[in-house]
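Just below is one structure, and these are the notes that go with it.
Taken together, the values in this text are just the output of simple stated rules run on the coordinates, not laboratory data. Predicted, not measured: the structure shown is a model, and the values here were computed from it. Note that each Cβ is placed from the backbone with ideal geometry, even for glycine, and that neighbours are counted across all protein chains shown.
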């Protein structure tokens, strides 16, 4: 898992460029926990909102949102990479 503040550049197949910035272990755990419903089931919308708030930024450092991806596409590609960057070891 990346360390707090560690960054990674990511470019989509459509040549959109993003920066992933790791929020740190505690915040990553909090993000995962807060994105679950009362039955412990992961809620995609909540998780993606957290990733867009804390991890995924445009190349110029500005935040992204659902509307951004409605315009440029690449949502699944970016979110999959952001999840891997934020939560997986190695």
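Taking other Cβ atoms within 10 Å as a rough exposure proxy, 57, 66 sort from fewest to most as 66, 57.
Each residue, residue 80 and residue 27, gets one label point 7 Å from its Cα in the Cβ direction; the gap between the two is 2.6 nm.
For a quick check: sort 71, 11, 77 by the number of other beta carbons within 10 angstrom, fewest at the front.
Going from least to most buried by this count: 71, 11, 77.
Between residue 65 and residue 12, the simple spin-label model (points 7 angstrom out along Cα→Cβ) gives 1.7 nm.
Considering only alpha-carbon pairs that sit under 8 angstrom and 6 or more positions apart, the relative contact order computed for region 1-44 is 30 percent. Listed peptides 34-44, 13-23 appear in the order 13-23, 34-44 once ranked by packing, highest mean of other Cβ atoms within 10 Å at the front.
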